[in-house]
Amino acid sequence: MSDRRASYDAVVVGARCAGTPLAARLAEQGWSVLLVDREPPPADTLSTHMMFPNTMARLRELGALQRIEAEHRLNPVQYAVRILGSETVGGFTPIDGFDRSYAITRPVLDKALLEVAVAAGAETRFGERVTGLLGAGSEEDPVRGVVLKEGEEIEARWVLGADGRASTVASLLGLEKERPLAGEMAFMFGYWRGLPERDRFFIDVIEEGSLAWMPCEDDLSILVLGLAPELTRGTQEQRERQFRASAASFAEWLDPSWLDSREQVGPVHLAPETMLRGFFRQPTGPGWALVGDASHFKNPSTAQGISDAIEQSLHVASKLLAGDSLDGYEAWRDERAREHYEWSFDFARFPNPEVSGPVFRGVAADPEAGQNLRDALSRQQRPRSDVFTDERLGRWFQPVSS
C-alpha cells in the first residue's frame, strides 16, 4: 500500500537549477511540492558552469552556497576576454560582497540546490517520466496535474515545467518556439584536473573560433572550444584529435602538452550548433508555468542560463506565494532578456575584423567600457544601451588621423 500523496499544491517537473529553487521557495512557505525528474540527480548536463556576482548572491541567499563551500574549494576569478588581440580584464562591481566570477560544475551545484529544496520539505520522485498532463492548459480546461509513464495520475494546483530546452511540459502543451536566433559556432568542451592555477577566467577569440579556460571547484578546470560546426563531425576519437588540434591555435597561453600530461576527466563533449539555437516560449497559462531553458534559451556564450533559471524560478515563486496572477511573467522575463538575448548570439559568431576589431580595441582602451561589459554579464548593465553605445561606437569607428 503506497503512502504517497495523490495531490499537491505544485508539481515541479525537472530537479535541476531551475526547478529546485522554485520548489524550495514554495515548500518553505508551507506548499506541498513534488519534484519529478526522469534522471536521478546529480548528473552532468550541458552547461558553461559559469556564474557572476548576481547569481552567487542568490546561491548564498538560498543556502546552497554554504553547502557547496562545506564540501569544495571554490575559485573566484577575474573575467578576461580577448577578441582579435584586444584584451580587457577585471572584476565586477560588487553585489552583496561578490565581485568575481565562479564556475561550479552542475553535479555539485544541482546537488546543493536539491538538498535545499528537500530540507524545505519538497518531496521527490526520481527515475519517473511525465508523459501527460491532466487538463489542456486552457481557460476552459486548466492544467491540474501530471500523468507518469506507468499511468499514475498526480493532481496539483500548479504544474511548473523546469525541464530544459526540450521540455516535455512545453511539448504536451503544444507550445511553439518563438523569436528564434542562431549563432555560428559549435562547441566542444572537456574537463581536466591539475592544470596550472589561474586567477582569471579567460576567453580568447580569433577569426577561426575561440577557447575559454574556466577554473571550477577544487582542482578541476573546463576548457570550451568554439569552432566551425563541420569540424565537430566524426567519431569520438576524431573529436578528441580535433579538440587538441584546434586548441593548439592558442598555444601562446595553453600549453598543448597539458591536455595529455594532465588528468582528463571523461571524454570531450560536443554541443552542436543546432542544439544552441535560441527561442522564447509562452511561459504561463491556466494552471501551468515554464522556467529556465524550458521558457527561454540564450546561447551559452555569455553564460546566462543558470542566472536566468534561478531568477525566473524565484520570480514565479514570489507571485504564486503572494496569490498574484502570473499574467505579467512574460513581460518581466522579456524585459530582463532585452539586449542580452541578441548579445549572446553575437558572441557566438565568428568575429569580423572590420567590425569586431575596432569595437574591442575600443573596449580594451576604455576601462569604463571594460567595466560596463563585465557588469552586463552580472545584469547590472545592458549590452547595447550601456556598453556598445552609439557614442562609443562613433568614437571607435572614427578614422585615425595620420
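The values are calculated or read from the model by the stated rules, or taken from the named source; none is laboratory data. This is a predicted model, so every value here is computed, not measured. Counting neighbours? That spans all protein chains shown, and the Cβs are built from the backbone with ideal geometry, glycine included. Keep in mind that these areas ignore ligands, DNA and RNA; they rest on the heavy atoms of the full protein, side chains included. Shrake-Rupley method; radii C 1.70, N 1.55, O 1.52, S 1.80 Å.
Listing for the model above:
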{"read-out": "Residues within the range 368-387 that are open to solvent by 30 Å² or more (accessible area, probe 1.4 Å) and touching a residue at least 12 places away in the same chain (Cβ under 8 Å), tallied", "value": "7"}
{"read-out": "Considering residues of the range 339-358 that are in contact (Cβ under 8 Å) with a residue 40 or more places away in the chain and within 19 Å of Arg395 (Cβ to Cβ) only, the residue surrounded by the fewest Cβ atoms within 10 Å (Cβ to Cβ)", "value": "Pro353"}
{"read-out": "Evaluation of Trp343 against (1) under 18 Å from Ser210 (Cβ atoms); (2) touching a Phe, Trp or Tyr at 6+ places or on another chain (Cβ under 7 Å); (3) not polar (S, T, N, Q) (one fails), failing number", "value": "(2)"}
{"read-out": "Verdict on Glu184 being open to solvent by 20 Å² or more (accessible area, probe 1.4 Å) and assigned to a strand (DSSP E or B)", "value": "no"}
{"read-out": "Some residue of the range 364-384 being assigned to a helix (DSSP H, G or I) and touching a Pro at 6+ places or on another chain (Cβ under 6 Å)", "value": "yes"}
{"read-out": "Residue satisfying condition, being under 30 Å from Ala10 (Cα atoms), modelled with pLDDT of 95 or more and of a type in the set (A, V, I, L, M, F, W, C), within set Leu172, Leu195", "value": "Leu172"}
{"read-out": "Members of the range 57-92 found to be loosely packed, with under 15 Cβ neighbours inside 10 Å and in a loop (DSSP other than H, G, I, E, B), listed by number", "value": "Arg73, Gly85"}
{"read-out": "Conditions (1) buried (at least 16 other Cβ atoms within 10 Å of the Cβ); (2) touching a residue at least 60 places away in the same chain (Cβ under 8 Å); (3) closer than 24 Å to Leu160 by Cα; number of the one not met by Ser318", "value": "(1)"}
{"read-out": "Pairs, first within 16 Å of Gly305 (Cβ to Cβ) in the range 258-286, second of a type in the set (Asp, Glu) and surrounded by fewer than 16 Cβ atoms within 10 Å (Cβ to Cβ), C-beta under 6 Å, six or more apart", "value": "Phe280/Glu178"}
{"read-out": "Yes/no for Gly234 being open to solvent by less than 60 Å² (accessible area, probe 1.4 Å) and on the phi > 0 side of the Ramachandran plot", "value": "yes"}
{"read-out": "Subset tally (residues that are open to solvent by less than 60 Å² (accessible area, probe 1.4 Å) and of a type in the set (Phe, Trp, Tyr)) for the range 388-402", "value": "2"}
{"read-out": "Residue tally, condition open to solvent by 10 Å² or more (accessible area, probe 1.4 Å), part of a loop (DSSP other than H, G, I, E, B) and under 23 Å from Thr302 (Cα atoms), over the range 19-56", "value": "6"}
{"read-out": "Qualifying residue in the range 3-24 (condition: in contact with a helix residue (DSSP H, G or I) (Cβ under 8 Å, 6 or more places away or on another chain), of a type in the set (S, T, N, Q) and farther than 30 Å from Asp204 by Cβ)", "value": "yes"}
{"read-out": "Residues of the range 252-305 that turn out to be assigned to a helix (DSSP H, G or I), among the small types (Gly, Ala, Ser) and open to solvent by 50 Å² or more (accessible area, probe 1.4 Å), as a count", "value": "1"}
{"read-out": "Some residue of the range 105-117 being assigned to a loop (DSSP other than H, G, I, E, B), on the phi > 0 side of the Ramachandran plot and not hydrophobic (A, V, I, L, M, F, W, C)", "value": "no"}
